[in-house]
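Below: one structure, written as structure tokens.
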Amino acid sequence: MTEMAAVEIAKAEDQKPRPFGAGYKLIGKDYSTNDLVAKVTGTAKYAEDFRAEGMLFCRLALSPMPHGRVKRINAEKALAMPGVRGILTPDEVPGHANYVNDNGTMIKADRFSELALADEPMYQGEPILAVAAVDELTCAEAIEQIEIEMEPLPFNTDPLDSLRPGSANAREEGNVWVPNAAPSRDSHLEAVKWTDDDFAVEKEGKMPMGHAPEEWSYGDVDAGFRNAALVLDETFSTEDVSHQCLEPRTTMAYWQNGKLYLYTGTQSTMQTVPAIARWMHMPEDKVVFVSEYTGGGFGSKITGAQTLVIPALLSKKLNAPVMMRISREEEHFIGRARPGIRARTKVGFARDGRITALDMFLVSDAGSYGSNGDGGACAQITSLLYQPPAMRWRNITVATNTLPRSAQSAPGGMQAIAIVEPILSKAARKLGLDQVALRRVNCPEGKAEFGPPRPDGKRGYVTSCFLKQALDEGARQFNWDARVARQPKRVGSKVRGLGVALSTYHGGTSGFDGLLVVTPEGRVQIYSGIGNLGTEAFIDVHRAAAEVLDVPWEAVDIIWGDTSKNLPYSCHSGGSQTIHAMTRAGHAVGLECVQRLKEVAAKSLGGEAADYEVANLRVARKGGGAGMSFAQAAQAAIKLGGIYDGHDVNPQVNGYTKHSVAQLAGTGLVASARDTFPHDGDSFSFLACFAEVETDVETGKYTITDYLGYADVGTVIHPAALGGQILGRSTLGIAHAIGQKWVIDPQYGVTVAERFYQNKPPTILDVPVDMKWNALNIPDPETPVGARGCGEPPVGGGCSAILNALSDALGDNIYQRVPVNCDTILTSFEAGRPMQNPLLAHI
Amino acid sequence: MRLIQWVTDPWGQHVPAHIAWGLIWVAVIFAMLFMILHALYVAFVSGPRAFAKNTAPMAESDIPEHVPRHSLAARLFHWIMAASMLTLLVTAFLPKMGVRFNWVLYHWIAGVVLTISILFHVIHSSFFLDFWSIWPDRIDLRDAISRSLRFFGKRAPAPRRFAKYPLENKFYHLVIVIAGLAVIGTGLFMMKRIETPIFSRNPYLFSDMTWGLMYVLHGLAGVGLIALVIVHIYMGVRPEKLPITKSMIFGWMSRDFYLEEHDPERWVLDKRNADKPASSRGKRGYAPSDAD
Amino acid sequence: MAVFRDVMPAFDLLQPDSVAEATRLLDQNGAGAWIMAGGLDSFDWLKDRIKKPQVLVDLSGIGELKGIRVSSDGVEIGAMTTLTEIADHPAIQKNYSVLSDAVSVVASPQIRNQGTLGGNVSQDTRCWYYRGGWPCYRAGGNICYADTPVGRNREHAIFGADRCVAVHPSDSAPALIALDAKFVIRSAKGERTVDAEDYFIGPDVDITRLNILGPGDLLTAIRIPAAWSGAKFYFEKIRDRNVWDFPLMNVASAMEVNGGSISRIRIAASAVAPRPMRLRNVEDAVTGKPANASTGEMAGNLAVQGAVPLQFNGYKIPLMRNLVKRAIAGAPEAA
């Protein structure tokens, strides 16, 4: 650790929690976001609510088998049915091709990537063809008249099974994604099989560890274990969990004057345009994308999904608007999922609970298309959150014929925390330490380091970390010590248990643009290319611009959700980056606007720009004197032209933003700016999560009686929204602990639990009525507003606080996998050892 | 009419599940029609039977009054087989006709009994009885042709009397061997699909298509057996066949019937054992090879 | 032909306004008619296009099928009475609380507002293979996919399996068996009444249905005799989620205790077998015994004798043992 970093730690310890909104007019205050009334009154228009004249409906025929080849499609009977307008088959979908986006970035064709329709489906439920007709009943009846002759191909739905000698591979090319040599960041497929000897340990309930193509390490791992007072070697599996967005990826499309108009819900309005253009093989300026409201994304809709081109292609083919509605079952198949990870983790502890070494071996399920980074992220998060002085990571990412995976809130991080936290709990019990105390000694702080050494030999580090304060404050608010002291733990058949878990994930990116117009009417119109995926952050971030401009929120309009409305280059609402990235961009454009207002005032009223100040919708000389309203300033800006009204553009902004500025030129004072604020280190947010459970050992049923998430997320921008994020994402984590799952019949590789009542996402009654949250509100020193994102970080903590509380109640020999339900508890509690096979997939 | 009930398997492929249950009625109707036509034929069309003279008649004094035909073991086999077959048919098809009861248990137990009895029969008839007596021979076929020609008014030599079993009997045995082996062969594999103490369950022993075809074959043979059994019982109770039926109960037929229907040259009685009880005999020449 | 699992197929919708009209329509349409009560089971089948009836007889307009009638003989509940009405009914809460307890934990509030008692006892099994349209025995095929060496059967039967290992999903059924309820069935031929436990049938008798209703039959009412009014009741449902979940198991009992001894008892469990299972062996064994922990222990052990667990549902054995124990002796906190 550098000397500078040590200084930072000292500073970090001095930091104390602050009241929300201190020193701000807008930031840190609760308010109603601009989209709220429409959402609660039902007037908000989601993709499915749009209509166009002459609109047809299309529906999908899905692959019934996990891997097969379409040999023949006979749609004669279907096409002859009244009302059927046409079908779309895989050969009509644009194939893989290199693509250069408007930013000049070359995206290389990937022959392993997914297309909208497949002639060799890689998973059950993959779309094979689409039928368009005047209504959905006709579509349904037509699909049932289509003969699809398929040849079943070898398949595997269980990653460990795929590594067994002689087992089938998910793809003809192999079963394991192996990274290409640096500097490439791509992977290729190889066939990897472990030996029977590798699998011998399976009988002992331990995960086998054969050849793993990915590995890194730092520190002296062997010495760490040699010097440990306690070494634990644990096998644990996390579950594949579907995103289950409440709004399925329904899409409507039509063509007008050579332009494609496409409506669907995504996590980014602006960044979905290049994705559509790439999948359609068409120029970006011919795409108009509308995404006003999105019913959840969680990482599965970052820039839409390939299926959105189906109505676009059908619309072009049939010369009519086409609406493709997606059912809940179809959403289960095409809606993405978090990869399950099977882990073997060896951790050494000193007597005070300090980790001495950590050795992590992962088998990550890549699903049917492409590799994923969850295994790598799992290691990064582990190294950051528990600060092991020596660590080795090995990983094998296995392709299976299961649903395609994508990022899901805290990808890899959630799994890391679920894997490691129960080991920490076990260690605390074995070493006779308090759970909070053990976490405190391992807690990161300040500019904490993470991951393996980079090519320059240095390890990465974070911008700031105040997790120790969050842990201490959280323990205080949760009455941890009093709860621990409370006796007896067991009354009748009910046993109480307490759990604490640390949690972290990336908290933001940087480098995006802000764009606003002060109109001649004196209003401030802020343009946003962020996706409105349901969190309020997409509005909250613009409070940073309004704060700098010192304008009342009532004078601000937010324009979003339609790329024809001239939106700037914004981050997508994924990876918890929005609050961090876009408050920076908002702050930047606010400053830019203030400067231009002052210049306009100086040019109009005399003096230097520096003589003026901006406040309360006016720009006026400091200390009183001449001034002008925003309306007057906007009118003056239009007269001045050039950089003031958008006829010239800030050269620093992105090409997409430049295009939008050009479209807005002359409409008022047009300000655009790019976030160029420096930051040293990567932004991560942190939480300490606490839970209490009550378990009935006669039924195995447990109730979560209390929960607290205490956050270190920098400056709190919008308390109510932050509370929603902390508790909402904690609940997503809790879902992993208490029940959400996949069930696949391995004989056919076909899912049997595609409905909510079968795959069991949690309900509101599965979490405590009065879940609590809090935040330190200590600003991050490396971002101007001080705010970091909080979408992902609570997920792992939510899951693990429950798991730890369960093992506190019942002991360490209950579970080796999530979810933990009454079947796990009853059988294991009675036997005194974990009775559920930790390695079998999708039970 | 559809012969097979198809289903869509979990991979969306069409595979047979079993026969269309309507075939049960086809079999019943077929058997009924046969009975009616046969009864009409015997009553109105067929004349008295004309056999050629026995070329070397056995001295009548050599023929016992009770000609032994079926040993006790053979009779026991027949009736055990009959009981199990009837149980199998009743347990298989009554539920399909709406009569609800716990049929699977009785069905597979009866199936096991049938299988064991058939195994016994195969060994018994192969090594201890006149194995060939139940299979049609050249004389049977020549006589059948003669009978047919004569029926149509053509000139043909009078057929000989029967050997131990009339040709119809032999044909019946042949058909029932085919149907029986089909139900037993498929039935034994089908026991892998259900919980029994005999086999460990493995419903995935074969592909969906192979299983489907197996169920169809089992069903087709099963409905075939409905018709065969009905016809068999009908024949068994016809007045002119009663002596044969009785012989399956008591083990013997009368000397008169023997001489009237059978050719002592083709069904040679073993004089040495002629007066011994039927159950103690087992030599080629007169002992039974029963499958009717 | 491709399989498609959305959009209701077209059918003739018949909406009779009297039982007589309904039975006439059912008689007229025979096996081609589909009876719909609250629609919560029906719409699943229909929207999945697995069931495609020619005619759907919607009972929601028949007033005489709705309502709770209390008399000195007990209570008669119309088959179309909603579960919410039953859960909230004062007389049922007071005298037959095992039933109000049972129906108040069915699914979710929205489903209870729409779901009916007749529908709850007559619903089809929720075996995920069967509901997924797999051609199993129950669907007319020749295999049980749940009971194979790799079948996923965590929620399946430990008793009464006969080729099919699906379980009955009703929460109200065991409570009605415990109360010795009578089910009133009407058809064009007339009316008949059966005991609650005889309403349900297992796969050994008919693998394609869960109850005795044949074409033309209509369940019109459920009568609860006064015999068990005010008895000591027990109902407990164990499920994964606290709302909107079918039972992993539930146990219901009605018990009379005189001088500390059990003078009579009826006890039943659901989601352990293809039909709601009355535990007669337990009833016989505990009658005359003190209602205490050791009797409960004995009853629990007796209840699970002969249970056959599948690969993933072994937990149902200790669960059933403990629930039956509680039915006799109460939960440990209360003891």
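The values are calculated or read from the model by the stated rules, or taken from the named source; none is laboratory data. For clarity, every value in this text was computed on a predicted model and none was experimentally measured. Cβ coordinates were reconstructed from backbone atoms using ideal geometry, including for glycine residues, and neighbour counts include every protein chain displayed.
Things worth noting here:
- Top-ranked residue of the stretch C:248-260 - restricted to ones that are more than 14 Å from chain A (Cβ to nearest Cβ) and among the hydrophobic types (A, V, I, L, M, F, W, C), ranked as surrounded by the fewest Cβ atoms within 10 Å (Cβ to Cβ): C:Val257
- Strands (runs of 3 or more DSSP E) fully within the stretch C:169-247 that include at least 1 residues being surrounded by fewer than 21 Cβ atoms within 10 Å (Cβ to Cβ) and among the β-branched types (Val, Ile, Thr): C:182-187, C:190-195.
- When the stretch A:742-783 is limited to residues that are more than 22 Å from A:Tyr123 (Cα to Cα), of a type in the set (Val, Ile, Thr) and surrounded by fewer than 24 Cβ atoms within 10 Å (Cβ to Cβ), the one that is farthest from the other protein chains (Cβ to nearest Cβ) turns out to be A:Ile778.
- Residues in the stretch C:134-146 that are within 22 Å of the chain's Cα centre (by Cα) and at the interface with chain B (Cβ under 8 Å from one of its Cβ atoms): C:Ala139, C:Cys144.
- Evaluating C:Pro274 against the criteria (1) within 14 Å of chain A (Cβ to nearest Cβ); (2) under 17 Å from the mean Cα position of the chain (by Cα); (3) not in a strand (DSSP E or B) leaves one unmet condition, (1).
- Test set (1) of a type outside the set (Val, Ile, Thr); (2) closer than 30 Å to C:Pro332 by Cα; (3) assigned by TED's automatic domain parsing to the domain that holds A:Asp645 - A:Leu515 fails condition number: (2)
- Residue that is surrounded by the most Cβ atoms within 10 Å (Cβ to Cβ) [pool: residues in the stretch A:388-413 that are touching a helix residue (DSSP H, G or I) at 6+ places or on another chain (Cβ under 6 Å) and of a type in the set (S, T, N, Q)]: A:Thr400
- Test: residue in the stretch A:731-741 that is of a type in the set (A, V, I, L, M), out of contact with any Pro (no Cβ under 7 Å at 6 or more places or on another chain), part of a strand (DSSP E or B) and away from every other protein chain (no Cβ under 14 Å): no
- Residue-level check: of (1) more than 30 Å from A:Val287 (Cα to Cα); (2) outside any loop (DSSP other than H, G, I, E, B); (3) not charged (D, E, K, R), A:Ala130 misses just (1).
- Residue within the stretch A:237-244 that is in contact with a Leu (Cβ under 9 Å, 6 or more places away or on another chain) and not in a strand (DSSP E or B) present: yes
- Every residue from the stretch B:1-20 that is of a type outside the set (A, V, I, L, M, F, W, C) and either within 14 Å of chain A (Cβ to nearest Cβ) or touching a residue at least 60 places away in the same chain (Cβ under 8 Å) (or both): B:Thr8, B:Asp9, B:Pro10, B:Gly12, B:Gln13, B:His14, B:Pro16, B:His18
- So C:Gly32, is it of a type outside the set (A, V, I, L, M, F, W, C) and on the phi > 0 side of the Ramachandran plot: no
- Test set (1) more than 20 Å from A:Val491 (Cβ to Cβ); (2) surrounded by fewer than 19 Cβ atoms within 10 Å (Cβ to Cβ); (3) within 11 Å of chain A (Cβ to nearest Cβ) - C:Arg321 fails condition number: (2)
- Residue in the stretch A:594-607 that is in contact (Cβ under 8 Å) with a residue 24 or more places away in the chain, touching a helix residue (DSSP H, G or I) at 6+ places or on another chain (Cβ under 9 Å), more than 23 Å from A:Lys25 (Cα to Cα) and of a type in the set (Val, Ile, Thr) present: yes
- Per-region count, the stretch C:148-165, residues among the acidic types (Asp, Glu), farther than 20 Å from A:Asn759 by Cα and more than 7 Å from chain B (Cβ to nearest Cβ): 0
- Residue within the stretch B:204-215 that is at pLDDT below 95, part of a helix (DSSP H, G or I), acidic (Asp, Glu) and buried (at least 20 other Cβ atoms within 10 Å of the Cβ) present: yes
- The lone exception for A:Ala633 - which of (1) surrounded by 21 or more Cβ atoms within 10 Å (Cβ to Cβ); (2) within 14 Å of chain C (Cβ to nearest Cβ) it fails: (2)
- Candidates A:Arg344, A:Arg336: the one that is away from chain C (no Cβ under 14 Å), among the charged types (D, E, K, R), under 25 Å from A:Asn169 (Cα atoms) and surrounded by fewer than 24 Cβ atoms within 10 Å (Cβ to Cβ) is A:Arg344.
- Within the stretch C:1-15, residues that are within 20 Å of B:Val15 (Cα to Cα) sit with their Cβ atoms under 7 Å from residues that are acidic (Asp, Glu) and surrounded by 15 or more Cβ atoms within 10 Å (Cβ to Cβ), at 6+ positions apart or across chains, in these pairs: C:Met1/A:Glu144; C:Ala2/A:Glu144; C:Phe4/A:Glu144; C:Arg5/A:Glu329; C:Arg5/C:Asp48.
- Test: residue in the stretch A:459-482 that is of a type in the set (D, E, K, R), under 30 Å from A:Ile530 (Cβ atoms), within 27 Å of the chain's Cα centre (by Cα) and at pLDDT 95 or above: no
- Screening the candidates C:Val282, C:Val308 for the property of being of a type outside the set (Ser, Thr, Tyr), in contact with a strand residue (DSSP E or B) (Cβ under 7 Å, 6 or more places away or on another chain) and either at pLDDT 95 or above or assigned to a strand (DSSP E or B) (or both) yields one hit, C:Val282.
- Residue count, the stretch C:301-318 (criterion: away from every other protein chain (no Cβ under 11 Å) and surrounded by 24 or more Cβ atoms within 10 Å (Cβ to Cβ)): 1
- The stretch A:287-328, subset closer than 30 Å to A:Val40 by Cα and among the charged types (D, E, K, R), residue surrounded by the most Cβ atoms within 10 Å (Cβ to Cβ): A:Lys301
- B:Pro197 being in contact with a Ser or Thr (Cβ under 6 Å, 6 or more places away or on another chain), closer than 21 Å to B:Ala92 by Cα, part of a loop (DSSP other than H, G, I, E, B) and without any contact (Cβ under 8 Å) to a residue 40 or more places away in the chain: no
One line per residue, one yes/no per condition, for (1) touching a helix residue (DSSP H, G or I) at 6+ places or on another chain (Cβ under 7 Å); (2) aliphatic (A, V, I, L, M); (3) crowded, with 24+ Cβ neighbours inside 10 Å:
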position	(1), (2), (3)
A:Val785	yes, yes, yes
A:Gly791	yes, no, yes
A:Ser800	yes, no, yes
A:Ala805	no, yes, yes
A:Asp812	yes, no, no
A:His842	no, no, no
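- Comparison of C:Val98, C:Val70, C:Val75 shows that the only residue that is outside any helix (DSSP H, G or I) and either in contact (Cβ under 8 Å) with a residue 60 or more places away in the chain or surrounded by 24 or more Cβ atoms within 10 Å (Cβ to Cβ) (or both) is C:Val75.
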